[in-house]
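For reference, the structure discussed in these notes is given below.
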Amino acid sequence: MNTLVCISTTPETTAKIAFTGDGTSYDSEGVNYIMNPYDEWYALVRAIEIKEADGGEVHVIHVGPASSDIIIRKALAIGADAAFRVDTEAREAYQVAAEIAAFAKDRDYQVIFTGKETIDHNGAEVAGLLAGMLDLPFVSFANDLQIDGSRATVGREIEGGTEVVSVELPVVISAAKGLAEQRIANMRGIMMAKRKPLEVVQPTEASAKVKVAKYELPPAKSGVTMVEPDNMKELVRLLAEEAKAL
Amino acid sequence: MPVIALIEHDGITVKKSSYELVSYAARWAAQSGDHAIAVVLGSLSDHGELASHGAAKIVHIADSALDHVDPRQYVSALRAVMQEHGAEHVVLAHSSTGKSISGILTVASDAALIHGINALPADGVFRRGAYSGKALAYYRPEAGPLVITLMGNSVPAEKQDAAGEVINMSPDLPAAQLTRVEVKKVDGDIPLPEASKVVSAGRGMKDPDNWGIIEELAAELQAATACSRPVADTGWRPHHEHVGQTGVAIRPNLYIAIGISGAIQHLAGVNNSKTIVVINKDPEAPFFKAADYGVVGDLFDVVPSLTQAIKDYRQS
Ligand SMILES: Cc1cc2nc3c(=O)[nH]c(=O)nc-3n(C[C@H](O)[C@H](O)[C@H](O)COP(=O)(O)OP(=O)(O)OC[C@H]3O[C@@H](n4cnc5c(N)ncnc54)[C@H](O)[C@@H]3O)c2cc1C
């Protein structure tokens, strides 16, 4: 059974957030990019576990420029078998989903994974759009996945608990915490990754449906009011009267 | 054209956050002289205050197949209402339900999609958080249909009288794709993403057996409990309590952080909270820079006395 894992990149969690002059694009000067943790820690690892149990191949796909190749290689080092990079800038979720859908449509993937969301934009948009474009069922925020023949049983995060659903394959699944345990690439994996295929795919030039008008930094906090540890009565008064938070 | 708000409910009452949705839809529609339609799917005995929050129409598809969410069936039901009432735009909650149907609905409606909106549109431009809450992004969707999810607790529900005309529909629905096996509820807790008050604790607690004081404070405030990532990773607390950049992102009215250092990845998930209180014994803890109120002290003394002070305040 073959699976496809959609991989996104995001600025490292400690990266500075600044925008270029007119505020329309993120200033990536000097910023390190990493593989989106939900893609790496949960989606990719669960796909590899399925391969280890049932055979087949794990493919990863990324929409983005050649500068992402180093991150894609990391996915190969962790255990994916082949990688594909759609050679175009990722502008927004609809365009990214359209490129991935065009790639995946005639290939026989039984599970297409994404991460739950990227940790920079927290969009959580690509997976559902992809399911819509490929006309496949969609299970969001999976924290457990068991495959049994042509069906999958999936636990999905809902407010206040987990809903367990059963679904016919193929399916699009977005991966949340709990789906798998993070794996670190070892030396052997890193060496093997160099010989695994990383194929560049020509984009379909899908267009973006949403454009960024501008970015803005939120107003700074006005500063902290300190309260003595033996005067919780005062803290409660401030929360009730000043912050109106009680 | 009218704007649709998909109402979430538990079969008995309308969720509080859904009043935000319908009031948002009404105010957005009013920008072009139009009205809001509240769509109720599945069995619900009481439409609550949908009309007084701006629903000109309440379209109810009471088919019990819709009692729980199947994305394909939900999308099909929403499409039927959109076509019947000539609606183009849909407002969903930024919830597990909203996010599981938005993409499929967007493709079926040939719409554009923006998740996590936190303000009313101004001149066709929509605002949301970006870079894990460290920035705001203004998006301009292309002309035509638009599906959005609205961040809870960001645009307050407003009372606005509307007709609230109830229209029952029963369109043909496709077969469900997801079969529900079971639901595992977390006992007695207030779901974190919906909570207006959150009490959160970190490694400063030293031991999972010490959580009693956190639970007592949370119970007194009727708050949800949360934790930092290492606390969830070591199994001291369940994963669904983990907040931050790689956990749940929340924006409650009140966030009380106890024994949490305030690492940048933690702040990313909580810095949009309206009021932040930090309790930490280290005056240099980075969290104080993001706090509105700070207490430097030993949490094992401070937390019980805060709980007591709230009790006293409630009684006075
Ligand atoms: C890619 C990545 C993603 C991450 N995502 C997240 C995330 O989503 N959420 C998250 O929380 N973290 C995340 N982290 C981890 C983060 O960097 C921090 O390590 C973590 O938040 C620290 O947790 P803590 O504050 O509970 O523990 P610590 O940093 O150990 O802080 C404990 C605090 O408790 C205080 N304390 C100790 N004893 C007492 C006492 N008796 N009374 C009062 N105060 C006391 C100490 O002064 C200290 O400030 C991520 C890290 C990485 C690299």
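The values are calculated or read from the model by the stated rules, or taken from the named source; none is laboratory data. Bear in mind that the values here come from a model prediction, so they are computed numbers and not experimental data. Neighbour counts are summed over all protein chains in view; Cβ atoms, including those assigned to glycine, are modelled from backbone coordinates with ideal geometry. We work out accessible area using only protein heavy atoms, side chains counted, and drop any ligands, DNA or RNA first. Shrake-Rupley method; radii C 1.70, N 1.55, O 1.52, S 1.80 Å.
Phi angles across segment B:98-110 convert, under the Karplus curve 6.51 cos²θ - 1.76 cosθ + 1.60 with θ = phi - 60°, into 3J(HN,Hα) values of x, 6, 8, 10, 4, x, 5, 4, 4, 5, 5, 9, 6 Hz, Gly and Pro given as x.
Annotation: the antiparallel percentage among DSSP beta bridges lying fully within the protein assembly as shown is about 35. Each of A:ALA93, A:HIS121, A:ALA104 was placed along the dipole of segment A:83-122 (beta-carbon charges, centred on the mean Cα), and the one lying farthest toward the positive end is A:ALA104. For the options A:ILE190, A:ILE17, A:ILE78, a Gaussian network treatment of chain A with springs between C-alpha atoms closer than 10 Å singles out A:ILE17 as fluctuating the most. For chain A, the calculated P(r), taken from all Cα-Cα distances in 10 Å bins from zero up to the bin holding the longest distance, is 7, 28, 30, 18, 10, 6, 1 percent.
Close amide-amide hydrogen proximity is noted between A:ASN122 and B:SER132, each under 5 Å apart and 5 or more residues distant or on a separate chain (H modeled in the peptide plane; Pro and chain starts excluded). Amide H to amide H, with H built 1.01 Å from N, A:LYS211 comes under 5 Å of B:ARG140, B:GLU142, counting only residues 5 or more places away or on other chains. The H on the amide N of B:ILE190, modeled in the peptide plane, is under 5 Å from the matching H of B:THR225, each at least 5 residues off or on a different chain. The GluC sites (Glu not before Pro) of segment A:46-85 that meet both conditions, a loop assignment by DSSP and at most 16 other Cβ atoms within 10 Å of the site Cβ, are A:GLU57.
Expressed in Å, the radius of gyration and Dmax of the Cα atoms of segment A:1-70 are 15.7, 52. A straight Cα-to-Cα reach below 21 Å connects A:LYS211 with the lysines B:LYS99, B:LYS134, residues fewer than 8 places away in its own chain not being considered.
Using a 1.4 angstrom probe, figure out how much accessible area the protein assembly as shown has per residue, in square angstrom, rounded to the nearest whole. List each step's numbers first, then the result.
Working: 22840 Å² over 562 residues.
Computed with neighbouring chains in place, this is 41 Å² per residue.
Using C-alpha pairs below 8 Å separated by at least 6 residues, the relative contact order for chain A is 25 percent.
A Cβ-based charge dipole, computed about the Cα centre of segment A:75-200 with Lys and Arg at +1 and Asp and Glu at -1, lands at about 640 debye. Can you bin segment B:192-315 into rounded, prolate or oblate? Criterion: square roots of the alpha carbon gyration tensor eigenvalues sorted a ≥ b ≥ c, rounded for a/c under 1.5, prolate for a/b above b/c, oblate for the rest. Rounded, since a/c falls under 1.5. Binning at 10 angstrom from zero up to the longest distance, how are the C-alpha pair distances of the protein assembly as shown distributed in percent? Reading the bins upward from 0: 4, 18, 27, 27, 18, 6, 1, 0. In plain terms, if you count all Cα to Cα distances in chain B and split them into 20 Å steps from zero, the share in each step is 31, 52, 18, 0 percent. Here segment A:31-114 is treated with +1 on each Lys and Arg Cβ and -1 on each Asp and Glu Cβ, and its dipole about the Cα centre works out to around 120 debye.
State, as an integer percentage, the relative contact order of chain B based on alpha-carbon contacts under 8 Å between residues 6 or more apart.
Values: 678 pairs, mean separation 44.0, N = 316.
Relative contact order, chain B: 14 percent.
Which loop-located chymotrypsin sites (Phe, Trp or Tyr not before Pro) does segment B:89-185 contain, where loop means any DSSP state but H, G, I, E or B and the Cβ has at most 11 other Cβ atoms within 10 Å? Sites meeting the loop and neighbour criteria: none at all. The mean sequence separation of alpha-carbon pairs under 8 Å and at least six residues apart, normalised by the residue count of segment B:1-94, gives a relative contact order of 37 percent.
When the pairs B:LYS16/B:LYS185; A:LYS16/B:LYS197; A:LYS221/B:LYS206 are compared against a 21 Å limit on Cα-Cα distance, A:LYS16/B:LYS197; A:LYS221/B:LYS206 fall above it.
Helix A:93-104 and the longest principal axis of the Cα set of chain A meet at an angle near 20°. Ranked from largest to smallest solvent-accessible area, with a 1.4 Å probe on the protein heavy atoms, B:SER45, B:SER196, B:SER18 come out as B:SER45, B:SER196, B:SER18. Would you please classify the overall shape of segment A:52-168 from the alpha carbon gyration tensor, given that a ≥ b ≥ c denote the square roots of the eigenvalues, rounded means a/c under 1.5, and beyond that prolate means a/b larger than b/c while oblate covers the rest? Cα axes put segment A:52-168 in the prolate bin. Counting only residues at least eight positions apart within a chain, or on another chain, the lysines with an alpha carbon under 17 Å from that of B:LYS184 are A:LYS177. Computed in the context of the full set of protein chains, the accessible area of segment A:2-242 at 1.4 Å probe radius has 49% of its extent on carbon or sulfur.
Where both partners of a DSSP beta bridge lie in segment A:1-120, what percent of those bridges are antiparallel, to the nearest 5? Intermediate results must be reported in sequence, preceding the final value.
Working: 4 of 17 bridges.
Beta bridges within segment A:1-120, antiparallel portion: roughly 25 percent.
Need one number: % antiparallel among DSSP beta bridges in segment A:2-242, to the nearest 5.
Working: 18 of 43 bridges.
Of all bridge pairs located within segment A:2-242, approximately 40 percent are antiparallel.
The Cα-based radius of gyration of segment B:62-142, divided by its Kirkwood radius, gives an Rg/Rh of 1.01. For the residue pairs A:LYS74/A:LYS196; A:LYS51/A:LYS196; A:LYS214/B:LYS289; A:LYS116/A:LYS209, the C-alpha atoms sit more than 19 angstrom apart in A:LYS214/B:LYS289; A:LYS116/A:LYS209. Surface composition of segment B:189-295: carbon and sulfur atoms hold 48% of the protein heavy-atom accessible area at a 1.4 Å probe.
Karplus-derived 3J(HN,Hα) values for segment A:148-160, using 6.51 cos²θ - 1.76 cosθ + 1.60 with θ = phi - 60°, are 9, x, 9, 10, 10, 10, 10, x, 10, 5, 10, 4, x Hz; glycine and proline are entered as x.
So what does log10 I(q)/I(0) come out to for segment B:3-168 at q = 0.10, 0.11, 0.14, 0.16 Å⁻¹, using the Debye formula with one equal point on every Cα and no solvent? Those come out to -0.32, -0.38, -0.64, -0.85, one per q. Charged side chains reduced to their Cβ positions (Lys and Arg at +1, Asp and Glu at -1) give chain A a dipole of some 420 debye around its Cα centre.
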